[in-house]
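The values are calculated or read from the model by the stated rules, or taken from the named source; none is laboratory data. In this text, all values refer to a predicted model and were calculated from it rather than measured experimentally. Cβ sites come from the backbone with ideal geometry, for glycine too, and all protein chains shown count toward neighbours.
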Ligand SMILES: Cc1ncc(COP(=O)(O)O)c(C=O)c1O
(Lines give C-alpha, C1' and ligand atoms only; values in the text may rest on other atoms or scores of the structure.)
Protein backbone atom coordinates (compact mmCIF):
# COMPACT_ATOMS: atom_id res chain seq x y z
CA UNK A 1 0.00 0.00 0.00
CA UNK A 2 2.01 2.91 -1.33
CA UNK A 3 5.16 1.39 0.09
CA UNK A 4 7.79 0.25 -2.31
CA UNK A 5 8.49 -3.44 -1.91
CA UNK A 6 12.07 -2.47 -1.09
CA UNK A 7 10.81 -1.39 2.30
CA UNK A 8 10.40 -5.01 3.18
CA UNK A 9 14.04 -5.69 2.58
CA UNK A 10 17.30 -5.17 4.44
CA UNK A 11 19.56 -2.16 4.00
CA UNK A 12 22.07 -4.32 2.19
CA UNK A 13 19.42 -5.61 -0.20
CA UNK A 14 18.36 -2.11 -1.09
CA UNK A 15 21.63 -0.18 -1.16
CA UNK A 16 23.94 0.18 -4.09
CA UNK A 17 27.00 -1.24 -2.41
CA UNK A 18 27.41 -3.97 -4.99
CA UNK A 19 27.92 -1.46 -7.78
CA UNK A 20 26.13 -3.40 -10.52
CA UNK A 21 24.05 -0.42 -11.57
CA UNK A 22 27.02 1.73 -12.29
CA UNK A 23 27.28 3.34 -15.74
CA UNK A 24 30.64 1.63 -16.08
CA UNK A 25 28.65 -1.39 -17.15
CA UNK A 26 27.95 0.34 -20.40
CA UNK A 27 31.10 -1.10 -21.90
CA UNK A 28 29.95 -4.60 -21.08
CA UNK A 29 26.48 -3.89 -22.35
CA UNK A 30 27.95 -2.69 -25.60
CA UNK A 31 30.02 -5.87 -25.87
CA UNK A 32 27.05 -8.05 -24.91
CA UNK A 33 24.91 -6.49 -27.59
CA UNK A 34 27.46 -6.60 -30.35
CA UNK A 35 30.39 -8.96 -29.60
CA UNK A 36 33.35 -9.08 -31.98
CA UNK A 37 33.86 -12.29 -33.99
CA UNK A 38 36.83 -12.72 -36.37
CA UNK A 39 34.67 -13.94 -39.28
CA UNK A 40 31.03 -13.38 -38.34
CA UNK A 41 31.19 -9.90 -36.81
CA UNK A 42 34.41 -8.05 -37.50
CA UNK A 43 32.76 -4.77 -36.70
CA UNK A 44 31.73 -5.88 -33.19
CA UNK A 45 32.98 -4.66 -29.81
CA UNK A 46 36.25 -6.29 -28.67
CA UNK A 47 36.43 -7.46 -25.12
CA UNK A 48 39.72 -6.32 -23.95
CA UNK A 49 41.07 -13.10 -19.45
CA UNK A 50 42.87 -16.52 -19.68
CA UNK A 51 45.00 -19.53 -20.44
CA UNK A 52 42.97 -22.59 -21.27
CA UNK A 53 43.70 -25.45 -18.96
CA UNK A 54 43.76 -28.90 -20.67
CA UNK A 55 45.26 -30.87 -17.76
CA UNK A 56 42.07 -32.74 -16.88
CA UNK A 57 41.94 -34.46 -20.29
CA UNK A 58 45.18 -36.24 -19.45
CA UNK A 59 44.24 -36.86 -15.81
CA UNK A 60 40.61 -38.00 -15.74
CA UNK A 61 41.13 -39.83 -12.42
CA UNK A 62 41.38 -36.49 -10.66
CA UNK A 63 37.68 -35.86 -11.23
CA UNK A 64 35.03 -37.77 -9.32
CA UNK A 65 32.75 -37.37 -12.33
CA UNK A 66 34.71 -39.56 -14.74
CA UNK A 67 34.72 -43.34 -15.16
CA UNK A 68 38.33 -43.32 -13.99
CA UNK A 69 37.65 -41.29 -10.86
CA UNK A 70 34.11 -42.14 -9.85
CA UNK A 71 35.19 -44.58 -7.13
CA UNK A 72 36.11 -41.59 -5.01
CA UNK A 73 32.69 -39.98 -5.52
CA UNK A 74 31.20 -41.15 -2.23
CA UNK A 75 34.18 -40.16 -0.07
CA UNK A 76 34.54 -36.75 -1.59
CA UNK A 77 30.85 -35.88 -1.91
CA UNK A 78 30.19 -36.42 1.79
CA UNK A 79 33.20 -34.37 2.91
CA UNK A 80 32.04 -31.13 4.51
CA UNK A 81 34.76 -30.12 6.95
CA UNK A 82 35.57 -26.41 6.81
CA UNK A 83 39.24 -27.14 7.49
CA UNK A 84 39.43 -28.43 3.92
CA UNK A 85 40.93 -31.65 2.57
CA UNK A 86 44.46 -32.00 4.01
CA UNK A 87 45.83 -32.89 0.58
CA UNK A 88 44.26 -29.75 -0.87
CA UNK A 89 45.76 -27.48 1.77
CA UNK A 90 49.17 -29.12 1.33
CA UNK A 91 49.01 -28.70 -2.44
CA UNK A 92 47.94 -25.06 -2.19
CA UNK A 93 50.64 -24.22 0.37
CA UNK A 94 53.21 -25.86 -1.88
CA UNK A 95 51.93 -24.04 -4.91
CA UNK A 96 52.04 -20.69 -3.14
CA UNK A 97 55.67 -21.34 -2.25
CA UNK A 98 56.51 -22.35 -5.78
CA UNK A 99 54.94 -19.25 -7.28
CA UNK A 100 57.19 -17.25 -4.94
CA UNK A 101 60.29 -19.06 -6.23
CA UNK A 102 60.36 -21.38 -3.16
CA UNK A 103 62.03 -18.52 -1.29
CA UNK A 104 59.42 -18.89 1.41
CA UNK A 105 57.39 -21.77 2.82
CA UNK A 106 53.70 -21.77 3.62
CA UNK A 107 52.15 -23.80 6.41
CA UNK A 108 49.14 -25.88 5.20
CA UNK A 109 47.55 -25.37 8.62
CA UNK A 110 47.27 -21.66 7.93
CA UNK A 111 45.42 -22.09 4.63
CA UNK A 112 41.82 -20.87 4.98
CA UNK A 113 39.36 -21.22 2.10
CA UNK A 114 37.15 -18.53 0.59
CA UNK A 115 34.99 -18.20 -2.52
CA UNK A 116 37.69 -16.81 -4.79
CA UNK A 117 39.77 -13.83 -3.75
CA UNK A 118 36.43 -12.02 -3.64
CA UNK A 119 35.23 -14.20 -0.76
CA UNK A 120 38.71 -14.25 0.81
CA UNK A 121 38.90 -10.45 0.90
CA UNK A 122 35.51 -10.26 2.55
CA UNK A 123 36.35 -13.03 5.02
CA UNK A 124 39.56 -11.35 6.18
CA UNK A 125 37.71 -8.04 6.51
CA UNK A 126 35.04 -9.67 8.67
CA UNK A 127 37.83 -11.05 10.89
CA UNK A 128 39.71 -7.75 11.23
CA UNK A 129 37.18 -4.92 11.25
CA UNK A 130 33.78 -3.80 12.50
CA UNK A 131 31.12 -1.82 10.62
CA UNK A 132 32.31 1.79 10.24
CA UNK A 133 36.00 0.89 10.45
CA UNK A 134 38.16 1.90 7.54
CA UNK A 135 40.91 0.37 5.41
CA UNK A 136 43.50 2.49 3.65
CA UNK A 137 43.86 1.46 0.02
CA UNK A 138 46.40 3.01 -2.38
CA UNK A 139 44.74 4.34 -5.53
CA UNK A 140 44.24 3.50 -8.32
CA UNK A 141 42.81 0.25 -7.00
CA UNK A 142 40.67 -2.72 -8.07
CA UNK A 143 37.14 -1.28 -8.04
CA UNK A 144 35.49 -4.35 -6.55
CA UNK A 145 37.44 -3.85 -3.30
CA UNK A 146 34.63 -1.46 -2.54
CA UNK A 147 32.11 -4.30 -2.79
CA UNK A 148 34.33 -7.07 -1.42
CA UNK A 149 35.55 -5.43 1.73
CA UNK A 150 32.60 -3.08 2.22
CA UNK A 151 29.19 -4.13 1.04
CA UNK A 152 28.23 -6.71 3.64
CA UNK A 153 30.78 -5.89 6.33
CA UNK A 154 30.04 -2.15 6.56
CA UNK A 155 33.76 -1.40 6.37
CA UNK A 156 34.86 1.55 4.26
CA UNK A 157 37.77 2.42 2.02
CA UNK A 158 39.92 5.51 2.42
CA UNK A 159 41.94 5.85 -0.76
CA UNK A 160 45.58 6.92 -0.43
CA UNK A 161 46.20 8.94 -3.53
CA UNK A 162 49.14 7.94 -5.69
CA UNK A 163 50.00 9.64 -8.99
CA UNK A 164 52.03 9.31 -12.14
CA UNK A 165 54.88 11.53 -10.87
CA UNK A 166 56.53 8.43 -9.36
CA UNK A 167 54.75 5.72 -11.37
CA UNK A 168 51.85 5.56 -8.88
CA UNK A 169 54.06 4.04 -6.18
CA UNK A 170 52.66 4.43 -2.67
CA UNK A 171 54.87 6.53 -0.41
CA UNK A 172 55.19 6.61 3.36
CA UNK A 173 54.41 10.35 3.22
CA UNK A 174 51.07 9.76 1.43
CA UNK A 175 50.22 7.01 3.91
CA UNK A 176 51.08 9.17 6.91
CA UNK A 177 49.06 12.07 5.50
CA UNK A 178 45.99 9.87 4.94
CA UNK A 179 46.36 8.36 8.40
CA UNK A 180 46.76 11.74 10.11
CA UNK A 181 43.75 13.16 8.29
CA UNK A 182 41.68 10.16 9.35
CA UNK A 183 42.75 10.68 12.96
CA UNK A 184 41.65 14.33 12.77
CA UNK A 185 38.28 13.21 11.37
CA UNK A 186 37.84 10.57 14.06
CA UNK A 187 37.94 7.80 11.49
CA UNK A 188 39.16 4.49 12.81
CA UNK A 189 41.77 3.01 10.51
CA UNK A 190 41.87 -0.73 10.92
CA UNK A 191 44.26 -1.70 8.18
CA UNK A 192 45.99 -1.20 4.88
CA UNK A 193 44.97 -3.24 1.86
CA UNK A 194 47.33 -3.53 -1.11
CA UNK A 195 47.23 -5.49 -4.34
CA UNK A 196 50.73 -6.63 -5.25
CA UNK A 197 51.08 -7.03 -8.22
CA UNK A 198 48.69 -4.18 -8.81
CA UNK A 199 45.40 -4.26 -10.62
CA UNK A 200 45.09 -1.94 -12.59
CA UNK A 201 48.74 -0.82 -12.88
CA UNK A 202 50.36 -4.16 -13.73
CA UNK A 203 53.35 -3.22 -11.55
CA UNK A 204 55.04 -4.96 -8.61
CA UNK A 205 55.99 -3.25 -5.36
CA UNK A 206 59.71 -2.99 -4.66
CA UNK A 207 61.29 -4.43 -1.51
CA UNK A 208 61.97 -1.07 0.04
CA UNK A 209 58.37 0.08 -0.35
CA UNK A 210 57.09 -3.21 1.05
CA UNK A 211 59.37 -2.86 4.07
CA UNK A 212 58.12 0.65 4.65
CA UNK A 213 54.52 -0.61 4.55
CA UNK A 214 55.32 -3.26 7.14
CA UNK A 215 56.98 -0.63 9.36
CA UNK A 216 53.99 1.66 8.91
CA UNK A 217 51.40 -0.93 10.01
CA UNK A 218 53.64 -1.90 12.94
CA UNK A 219 54.00 1.68 14.10
CA UNK A 220 50.26 2.26 13.88
CA UNK A 221 49.34 -1.22 15.09
CA UNK A 222 46.98 -1.80 12.18
CA UNK A 223 46.66 -4.77 9.81
CA UNK A 224 48.26 -5.27 6.42
CA UNK A 225 46.35 -7.35 3.89
CA UNK A 226 48.32 -8.15 0.75
CA UNK A 227 46.19 -9.36 -2.16
CA UNK A 228 48.70 -11.37 -4.24
CA UNK A 229 46.30 -12.79 -6.79
CA UNK A 230 48.54 -11.85 -9.74
CA UNK A 231 51.79 -13.32 -8.29
CA UNK A 232 52.53 -15.67 -11.20
CA UNK A 233 51.69 -13.24 -13.97
CA UNK A 234 55.02 -11.42 -13.50
CA UNK A 235 57.64 -11.72 -16.20
CA UNK A 236 61.22 -10.45 -16.26
CA UNK A 237 62.44 -7.74 -14.00
CA UNK A 238 61.61 -6.40 -11.45
CA UNK A 239 60.68 -9.75 -9.96
CA UNK A 240 57.76 -10.22 -7.60
CA UNK A 241 58.40 -10.07 -3.87
CA UNK A 242 55.67 -11.35 -1.59
CA UNK A 243 54.94 -9.78 1.75
CA UNK A 244 55.73 -13.24 3.16
CA UNK A 245 59.38 -12.78 2.08
CA UNK A 246 59.59 -9.30 3.56
CA UNK A 247 58.50 -10.36 7.02
CA UNK A 248 61.04 -13.17 7.04
CA UNK A 249 63.78 -10.55 6.92
CA UNK A 250 62.55 -7.97 9.40
CA UNK A 251 61.34 -7.51 12.94
CA UNK A 252 57.59 -7.08 12.95
CA UNK A 253 54.40 -8.17 14.60
CA UNK A 254 53.36 -11.04 12.36
CA UNK A 255 49.87 -11.06 13.84
CA UNK A 256 49.21 -8.02 11.66
CA UNK A 257 50.10 -9.67 8.34
CA UNK A 258 47.65 -11.48 6.06
CA UNK A 259 47.79 -12.65 2.43
CA UNK A 260 44.84 -13.07 0.09
CA UNK A 261 45.34 -15.41 -2.83
CA UNK A 262 43.33 -17.22 -5.49
CA UNK A 263 43.78 -19.51 -8.47
CA UNK A 264 41.65 -17.30 -10.68
CA UNK A 265 44.50 -15.52 -12.42
CA UNK A 266 47.68 -17.51 -11.82
CA UNK A 267 46.08 -20.80 -12.94
CA UNK A 268 43.39 -19.30 -15.15
CA UNK A 269 40.61 -20.93 -13.10
CA UNK A 270 38.24 -18.14 -12.02
CA UNK A 271 35.17 -20.36 -12.35
CA UNK A 272 36.39 -22.81 -9.70
CA UNK A 273 36.16 -20.06 -7.07
CA UNK A 274 39.26 -21.00 -5.13
CA UNK A 275 40.26 -18.21 -2.78
CA UNK A 276 42.72 -18.37 0.09
CA UNK A 277 43.36 -16.36 3.23
CA UNK A 278 46.81 -17.02 4.61
CA UNK A 279 47.18 -15.31 7.96
CA UNK A 280 50.13 -15.31 10.34
CA UNK A 281 47.67 -14.58 13.17
CA UNK A 282 46.40 -17.75 14.92
CA UNK A 283 43.15 -16.12 16.06
CA UNK A 284 42.40 -14.98 12.51
CA UNK A 285 43.12 -18.46 11.15
CA UNK A 286 40.78 -19.96 13.72
CA UNK A 287 37.95 -17.48 13.18
CA UNK A 288 38.45 -17.39 9.40
CA UNK A 289 38.23 -21.15 9.22
CA UNK A 290 34.84 -21.17 10.95
CA UNK A 291 33.72 -18.32 8.77
CA UNK A 292 34.75 -20.16 5.64
CA UNK A 293 31.59 -22.27 6.07
CA UNK A 294 29.96 -19.43 4.15
CA UNK A 295 32.28 -19.71 1.17
CA UNK A 296 33.72 -23.18 1.07
CA UNK A 297 35.48 -24.47 -1.98
CA UNK A 298 33.49 -27.58 -2.92
CA UNK A 299 35.17 -30.84 -1.99
CA UNK A 300 35.00 -31.90 -5.63
CA UNK A 301 37.11 -28.91 -6.61
CA UNK A 302 39.50 -29.44 -3.68
CA UNK A 303 39.96 -33.06 -4.74
CA UNK A 304 40.67 -32.15 -8.33
CA UNK A 305 43.07 -29.36 -7.45
CA UNK A 306 44.95 -31.43 -4.92
CA UNK A 307 45.95 -33.63 -7.87
CA UNK A 308 46.49 -30.89 -10.38
CA UNK A 309 48.64 -28.70 -8.17
CA UNK A 310 50.71 -31.70 -7.07
CA UNK A 311 51.65 -32.40 -10.68
CA UNK A 312 54.98 -30.56 -10.41
CA UNK A 313 55.86 -30.93 -14.07
CA UNK A 314 52.53 -29.60 -15.27
CA UNK A 315 52.55 -26.70 -12.83
CA UNK A 316 56.12 -25.74 -13.73
CA UNK A 317 55.40 -25.77 -17.46
CA UNK A 318 52.11 -23.97 -17.07
CA UNK A 319 53.59 -21.16 -15.01
CA UNK A 320 56.60 -20.59 -17.20
CA UNK A 321 54.61 -20.76 -20.45
CA UNK A 322 51.92 -18.47 -19.11
CA UNK A 323 54.38 -15.80 -17.99
CA UNK A 324 56.26 -16.01 -21.33
CA UNK A 325 53.06 -15.60 -23.31
CA UNK A 326 51.90 -12.71 -21.17
CA UNK A 327 55.24 -10.94 -21.63
CA UNK A 328 55.07 -11.44 -25.39
CA UNK A 329 51.55 -10.11 -25.58
CA UNK A 330 52.30 -7.13 -23.35
CA UNK A 331 55.25 -6.27 -25.56
CA UNK A 332 53.23 -6.64 -28.75
CA UNK A 333 50.49 -4.45 -27.36
CA UNK A 334 52.62 -1.65 -26.00
CA UNK A 335 54.80 -1.55 -29.16
CA UNK A 336 51.65 -1.35 -31.27
CA UNK A 337 50.47 1.63 -29.26
CA UNK A 338 53.85 3.34 -29.50
CA UNK A 339 53.35 3.57 -33.27
CA UNK A 340 50.86 6.33 -32.58
CA UNK A 341 52.83 7.71 -29.64
CA UNK A 342 50.52 6.28 -27.03
CA UNK A 343 52.44 5.13 -24.00
CA UNK A 344 51.56 2.87 -21.10
CA UNK A 345 52.87 2.81 -17.55
CA UNK A 346 55.96 0.55 -17.56
CA UNK A 347 54.70 -2.77 -16.25
CA UNK A 348 55.50 -6.48 -16.19
CA UNK A 349 52.59 -8.11 -14.35
CA UNK A 350 48.86 -8.68 -14.59
CA UNK A 351 46.71 -9.25 -17.63
CA UNK A 352 46.46 -5.61 -18.61
CA UNK A 353 48.25 -2.37 -19.29
CA UNK A 354 47.60 1.10 -17.89
CA UNK A 355 47.28 3.24 -20.99
CA UNK A 356 47.90 6.97 -20.93
CA UNK A 357 45.40 8.86 -23.09
CA UNK A 358 45.70 12.13 -21.21
CA UNK A 359 46.67 14.06 -24.27
CA UNK A 360 43.46 13.07 -26.04
CA UNK A 361 41.42 14.91 -23.44
CA UNK A 362 40.35 18.41 -24.27
CA UNK A 363 40.20 19.24 -20.58
CA UNK A 364 41.92 17.21 -17.90
CA UNK A 365 38.67 16.34 -16.13
CA UNK A 366 36.87 13.14 -15.24
CA UNK A 367 33.88 14.30 -17.26
CA UNK A 368 36.07 14.38 -20.35
CA UNK A 369 37.59 11.04 -19.43
CA UNK A 370 34.12 9.51 -19.44
CA UNK A 371 33.32 11.19 -22.76
CA UNK A 372 36.49 9.75 -24.28
CA UNK A 373 35.71 6.35 -22.77
CA UNK A 374 32.24 6.34 -24.29
CA UNK A 375 33.74 7.23 -27.66
CA UNK A 376 36.15 4.33 -27.35
CA UNK A 377 33.28 1.97 -26.66
CA UNK A 378 30.94 3.37 -29.24
CA UNK A 379 33.21 4.35 -32.11
CA UNK A 380 36.37 2.31 -31.63
CA UNK A 381 34.27 -0.56 -30.29
CA UNK A 382 36.68 -1.65 -27.57
CA UNK A 383 35.58 -2.32 -24.02
CA UNK A 384 38.33 -0.78 -21.92
CA UNK A 385 38.00 0.61 -18.37
CA UNK A 386 38.42 4.29 -17.46
CA UNK A 387 40.80 5.30 -14.66
CA UNK A 388 38.00 6.91 -12.68
CA UNK A 389 36.50 3.46 -12.10
CA UNK A 390 39.77 2.62 -10.26
CA UNK A 391 39.63 5.83 -8.19
CA UNK A 392 42.60 7.21 -10.09
CA UNK A 393 43.27 10.84 -9.20
CA UNK A 394 44.43 11.78 -12.72
CA UNK A 395 41.95 11.76 -15.59
CA UNK A 396 42.99 10.15 -18.88
CA UNK A 397 44.28 6.74 -17.80
CA UNK A 398 42.61 3.55 -19.07
CA UNK A 399 43.08 -0.10 -18.18
CA UNK A 400 43.23 -2.36 -21.22
CA UNK A 401 43.11 -6.15 -20.81
CA UNK A 402 45.13 -7.93 -23.47
CA UNK A 403 45.21 -11.58 -22.43
CA UNK A 404 41.81 -12.96 -23.35
CA UNK A 405 42.07 -12.95 -27.14
CA UNK A 406 44.12 -14.35 -29.98
CA UNK A 407 46.87 -12.44 -31.80
CA UNK A 408 44.59 -11.57 -34.72
CA UNK A 409 42.05 -9.94 -32.44
CA UNK A 410 44.83 -7.97 -30.75
CA UNK A 411 45.89 -6.74 -34.20
CA UNK A 412 42.35 -5.64 -34.97
CA UNK A 413 42.07 -3.87 -31.60
CA UNK A 414 45.42 -2.14 -32.08
CA UNK A 415 44.55 -1.01 -35.58
CA UNK A 416 41.29 0.44 -34.33
CA UNK A 417 43.06 2.36 -31.57
CA UNK A 418 45.71 3.65 -33.96
CA UNK A 419 43.11 4.84 -36.47
CA UNK A 420 41.20 6.58 -33.70
CA UNK A 421 44.31 8.29 -32.34
CA UNK A 422 45.43 9.41 -35.82
CA UNK A 423 42.03 10.90 -36.47
CA UNK A 424 42.02 12.57 -33.08
CA UNK A 425 45.41 14.10 -33.87
CA UNK A 426 44.15 15.45 -37.17
CA UNK A 427 41.30 17.01 -35.27
CA UNK A 428 38.75 14.85 -37.08
CA UNK A 429 37.64 13.29 -33.82
CA UNK A 430 36.48 15.78 -31.28
CA UNK A 431 37.11 14.46 -27.81
CA UNK A 432 34.80 16.98 -26.35
CA UNK A 433 32.15 16.93 -23.78
CA UNK A 434 29.17 15.82 -25.84
CA UNK A 435 27.70 13.73 -23.12
CA UNK A 436 24.23 13.39 -24.56
CA UNK A 437 25.41 12.29 -27.97
CA UNK A 438 27.60 9.69 -26.38
CA UNK A 439 25.00 8.31 -24.10
CA UNK A 440 24.73 4.60 -24.62
CA UNK A 441 21.22 3.27 -24.43
CA UNK A 442 21.65 -0.44 -24.04
CA UNK A 443 19.96 -3.20 -22.18
CA UNK A 444 21.91 -5.84 -20.33
CA UNK A 445 20.17 -8.90 -19.08
CA UNK A 446 22.93 -11.46 -18.90
CA UNK A 447 24.35 -12.39 -15.51
CA UNK A 448 27.29 -14.04 -17.24
CA UNK A 449 29.67 -11.27 -16.35
CA UNK A 450 28.46 -10.54 -12.89
CA UNK A 451 31.56 -11.33 -10.85
CA UNK A 452 34.53 -10.85 -13.10
CA UNK A 453 33.04 -8.16 -15.19
CA UNK A 454 31.30 -5.71 -13.11
CA UNK A 455 34.21 -5.42 -10.82
CA UNK A 456 36.39 -3.39 -13.13
CA UNK A 457 33.56 -1.03 -13.83
CA UNK A 458 32.15 0.04 -10.54
CA UNK A 459 31.72 3.61 -9.50
CA UNK A 460 34.39 5.47 -7.68
CA UNK A 461 34.73 8.62 -5.63
CA UNK A 462 36.50 10.26 -8.57
CA UNK A 463 33.69 9.68 -10.94
CA UNK A 464 31.53 12.59 -11.96
CA UNK A 465 28.50 10.45 -11.17
CA UNK A 466 28.04 10.30 -7.41
CA UNK A 467 27.44 6.93 -5.86
CA UNK A 468 28.73 5.58 -2.65
CA UNK A 469 29.25 6.94 0.83
CA UNK A 470 32.99 6.41 0.60
CA UNK A 471 35.33 8.56 2.59
CA UNK A 472 38.27 10.06 0.78
CA UNK A 473 41.60 11.47 1.91
CA UNK A 474 42.55 14.86 0.54
CA UNK A 475 46.32 14.76 0.47
C1 LIG B 1 43.18 -7.52 -7.16
C2 LIG B 1 42.06 -8.50 -7.26
N3 LIG B 1 41.60 -9.09 -6.14
C4 LIG B 1 40.58 -9.97 -6.18
C5 LIG B 1 39.96 -10.30 -7.39
C6 LIG B 1 38.82 -11.30 -7.40
O7 LIG B 1 39.30 -12.55 -7.85
P8 LIG B 1 38.46 -13.91 -7.75
O9 LIG B 1 38.00 -14.20 -9.14
O10 LIG B 1 39.43 -14.97 -7.27
O11 LIG B 1 37.33 -13.70 -6.81
C12 LIG B 1 40.41 -9.72 -8.59
C13 LIG B 1 39.77 -10.05 -9.87
O14 LIG B 1 39.93 -9.42 -10.87
C15 LIG B 1 41.48 -8.79 -8.52
O16 LIG B 1 41.95 -8.20 -9.61
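The set of residues in region 194-207 that are farther than 15 Å from residue 167 by Cα and away from the ligand (no atom under 13 Å from the Cβ) contains only 207.
In the set (1) more than 30 Å from residue 419 (Cβ to Cβ); (2) touching a helix residue (DSSP H, G or I) at 6+ places or on another chain (Cβ under 6 Å), the condition left unmet by residue 318 is number (2). Scoring residue 304 on the criteria (1) buried (at least 19 other Cβ atoms within 10 Å of the Cβ); (2) over 27 Å from residue 56 (Cα atoms) leaves a single failure, condition (2).
For region 175-188, check the following and say yes or no: at least one residue is crowded, with 23+ Cβ neighbours inside 10 Å, modelled with pLDDT of 95 or more, within 15 Å of the ligand (Cβ to nearest atom) and in the same structural domain as residue 261 (by TED's automatic domain parsing). Taking every residue of region 175-188 in turn, none turns out to be crowded, with 23+ Cβ neighbours inside 10 Å, modelled with pLDDT of 95 or more, within 15 Å of the ligand (Cβ to nearest atom) and in the same structural domain as residue 261 (by TED's automatic domain parsing). Among the residues of region 117-133, those that are more than 16 Å from the ligand (Cβ to nearest atom) and either assigned to a helix (DSSP H, G or I) or crowded, with 24+ Cβ neighbours inside 10 Å (or both) comprise 127, 128.
To keep it simple, each residue is scored yes or no on (1) assigned by TED's automatic domain parsing to the domain that holds residue 380; (2) assigned to a helix (DSSP H, G or I); (3) modelled with pLDDT under 85; (4) crowded, with 16+ Cβ neighbours inside 10 Å.
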residue	(1), (2), (3), (4)
3	no, no, yes, no
6	no, yes, yes, no
24	yes, yes, yes, yes
27	yes, yes, yes, yes
30	yes, yes, yes, yes
43	yes, no, no, no
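Residues of region 346-400 being buried (at least 19 other Cβ atoms within 10 Å of the Cβ) and in a strand (DSSP E or B), which ones? Of everything in region 346-400, those that are buried (at least 19 other Cβ atoms within 10 Å of the Cβ) and in a strand (DSSP E or B) turn out to be 352, 353, 354, 355, 382, 383, 385, 386, 397, 398, 399, 400.
Look at region 213-230: where a residue is within 10 Å of residue 252 (Cα to Cα) and a partner is within 16 Å of the ligand (Cβ to nearest atom) and not in a helix (DSSP H, G or I), sitting 6+ places away or on another chain with Cβ atoms under 6 Å, you get 217/192; 217/224. When 226, 279, 244 are checked against the criterion of being within 11 Å of the ligand (Cβ to nearest atom) and within 30 Å of residue 298 (Cα to Cα), 226 stands alone in meeting it.
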